[in-house]
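The values are calculated or read from the model by the stated rules, or taken from the named source; none is laboratory data. No experiment lies behind these values; they were computed from the predicted model shown. Cβ: placed from backbone, ideal geometry, glycine included. Neighbour counts: every protein chain shown.
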Amino acid sequence: MSRVLPIVVGALLAAACTPAPPGPGYYYPPLHAERTPPPTSYRAAPSSHLAAAPPKTVKPLGAGLLAANVVDGYMDNEESEMRAALRGSGIIVARTGNDLVLNIRSDSLFEPESLSLSAHGGELVTRLANVVRKFDSTLLVANGFTDTTGSHAQNLSVSQKRAETVVKQLAEDGVEQKRLAAKGFGDEILKIPTGPNVSEARNRRIEIRITPLVKT
């Protein structure tokens, strides 16, 4: 009995320290505030042309919760590597506190009038995955949005399915499924306000929010 009790206690402590995966409704509403890029001491070397960097195996920096005093530097490093990896891609990288928000036009990701990623879109997601696999003490939520063409119900469905497509590709590119979630907003939150039945490419988008896991 004396040998069994420490084993049981140890197992319970280990389970308590493991962060729970996001539930079905887990998401952060998108924000668009841009933060000044981090100091040059954190910057990675400039990347080459978008098509020149193939998928690669990366060493995780350490799965699990981050101590509060290292979060800023951790996210500065991820932001720098993300900006370098996505330079020239047209993807907007914004910083909101310690969250990163990537704004990607759907027209750059998907085949026209389709829920399937284009070859270029798949390449962009793979490039993104190469960075976020390394910075694995984060959660990612893909938020989908449409313009006002089509009915509200149709737009909601399209935005959800496109967000799920991006999440699926991230998982196929090696990002742990427990770190990923998808949420569709349809035409509820327009980046460029328009009236009904207006085709606006800037409203058709995927916004990926990357949030650090922090010890409390």
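Tabulated values for the structure
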item	result
Search result, residues across segment 75-105 that are of a type in the set (S, T, N, Q) and assigned to a loop (DSSP other than H, G, I, E, B)	SER89, ASN98
Residues that are buried (at least 23 other Cβ atoms within 10 Å of the Cβ) and over 19 Å from the mean Cα position of the chain (by Cα), drawn from segment 174-196	ASP187
Residue match in segment 109-131 (condition: modelled with pLDDT of 90 or more, more than 22 Å from GLU200 (Cα to Cα) and not in a helix (DSSP H, G or I))	no
Members of segment 88-120 that are more than 18 Å from ARG209 (Cα to Cα) and not polar (S, T, N, Q)	GLY88, ASP107, PHE110, GLU111, PRO112, GLU113, LEU115, LEU117, ALA119, HIS120
Residue identified as farther than 18 Å from ASP99 by Cα and at pLDDT 95 or above among LEU139, LEU170, LEU180	LEU170
Any chance ASN203 is free of Cβ contacts under 8 Å to residues at least 40 places away in the same chain and in contact with a Ser or Thr (Cβ under 8 Å, 6 or more places away or on another chain)	no
The one condition in (1) under 14 Å from the mean Cα position of the chain (by Cα); (2) surrounded by fewer than 16 Cβ atoms within 10 Å (Cβ to Cβ) that LEU102 fails to fulfil	(2)
Unmet requirement for SER199, which otherwise passes all of (1) of a type in the set (S, T, N, Q); (2) surrounded by fewer than 16 Cβ atoms within 10 Å (Cβ to Cβ); (3) over 18 Å from ARG105 (Cβ atoms)	(3)
Subset of segment 180-206 that is outside any loop (DSSP other than H, G, I, E, B) and in contact with a Phe, Trp or Tyr (Cβ under 7 Å, 6 or more places away or on another chain) - its residue that is nearest to ALA94 (Cα to Cα)	ARG205
Residue that is surrounded by the fewest Cβ atoms within 10 Å (Cβ to Cβ), among those in segment 105-119 that are more than 13 Å from SER89 (Cα to Cα) and charged (D, E, K, R)	GLU113
Test result for ALA129, of a type outside the set (Asp, Glu), over 19 Å from GLU81 (Cβ atoms) and either crowded, with 17+ Cβ neighbours inside 10 Å or free of Cβ contacts under 8 Å to residues at least 24 places away in the same chain (or both)	no
